[in-house]
């Protein structure tokens with residue numbers, strides 16, 4: 001009887017830990033100092049418009065990793081923006097893995113906490129300046145207000161919905177015209193992988209936890 005009670009107790013503890021550390025906590029404050037995070041020195045390097053890439057948890061992230069031929073262990077990305085003097089990550093997520101659907105502004109510690117250890121990669125568009133950064137922040141506010149749903153079909157030609165990298169392509173390339181890539185890249189190479197966002201021809205790598 002005692003062994004059964006102990007086993008039940010262990011199962012309950014595991015369930016609690018899984019709920020606490022693997023759930024989507026994007027609307028809750030950062031809680032524990034031992035969780036995966038960026039250091040204060042790393043956060044001080046961040047600027048509006050920086051791209052932050054990570055590998056997420058769950059079946060969807062695993063499937064994405066297998067489908068995409070990435071050079072880094074990444075499956076998702078967002079954009080750094082400052083809101084009320086607080087660093088946030090603007091990124092599009094599906095309601096199937098989140099309590100929100102579409103674009104959200106998530107606390108940076110929470111975003112990193114939802115990442116596999118040592119997978120964070122932060123990059124910055126070459127030749128970006130403060131004028132372009134302000135325009136990027138305005139674009140995020142514009143899309144946040146539009147409240148577009150997540151694009152589950154991953155159709156980059158449909159501007160009424162968007163997935164994570166599509167949102168950034170739309171802002172950087174289509175709306176602001178500040179990202180110009182080689183004409184030799186096909187649309188599939190541009191929109192169906194994350195490689196461009198850490199390609200050193202276009203972006204500088206600011207933080208790399210995968211070294």
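The values are calculated or read from the model by the stated rules, or taken from the named source; none is laboratory data. Worth saying up front: this structure is predicted, and the values here are computed from it rather than measured. Counting neighbours? That spans all protein chains shown, and the Cβs are built from the backbone with ideal geometry, glycine included.
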Checklist outcome for this item: Checked 176, 121 against criteria (in contact with a helix residue (DSSP H, G or I) (Cβ under 7 Å, 6 or more places away or on another chain), surrounded by fewer than 19 Cβ atoms within 10 Å (Cβ to Cβ) and closer than 20 Å to residue 90 by Cβ); the one match is 176
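Among the listed residues 181, 131, 122, identify the single one that is under 24 Å from residue 82 (Cβ atoms), at pLDDT 90 or above and over 20 Å from the mean Cα position of the chain (by Cα).
Numbers: 181 fails: under 24 Å from residue 82 (Cβ atoms); 122 fails: over 20 Å from the mean Cα position of the chain (by Cα).
Matching residue, one of 181, 131, 122: 131.
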Checklist entry - What about residue 197, is it surrounded by 14 or more Cβ atoms within 10 Å (Cβ to Cβ), in contact with a strand residue (DSSP E or B) (Cβ under 8 Å, 6 or more places away or on another chain) and either in contact (Cβ under 8 Å) with a residue 12 or more places away in the chain or assigned to a loop (DSSP other than H, G, I, E, B) (or both)? => result yes
Checklist entry - Are there any pairs with C-beta distances below 6 angstrom linking a residue in the stretch 168-191 that is assigned to a helix (DSSP H, G or I) to a residue that is modelled with pLDDT under 90, with the two at least 6 apart or on different chains, and if so which? => result 191/156
Next on the checklist: With the requirement that a residue be over 15 Å from residue 192 (Cβ atoms) and in contact with a strand residue (DSSP E or B) (Cβ under 7 Å, 6 or more places away or on another chain), what does the stretch 137-169 give you?
Outcome noted: 137, 140, 143, 144, 147, 148, 149, 150, 161
Next on the checklist: I want to confirm something. Restricting to the stretch 39-61 and keeping residues that are under 15 Å from the mean Cα position of the chain (by Cα) and at pLDDT below 95, which single residue is nearest to residue 88 (Cα to Cα)?
Outcome noted: 54
Item to check | Answer residue from the stretch 102-130, given it is outside any loop (DSSP other than H, G, I, E, B) and free of Cβ contacts under 8 Å to residues at least 60 places away in the same chain and is farthest from residue 202 (Cα to Cα) among those | outcome: 105
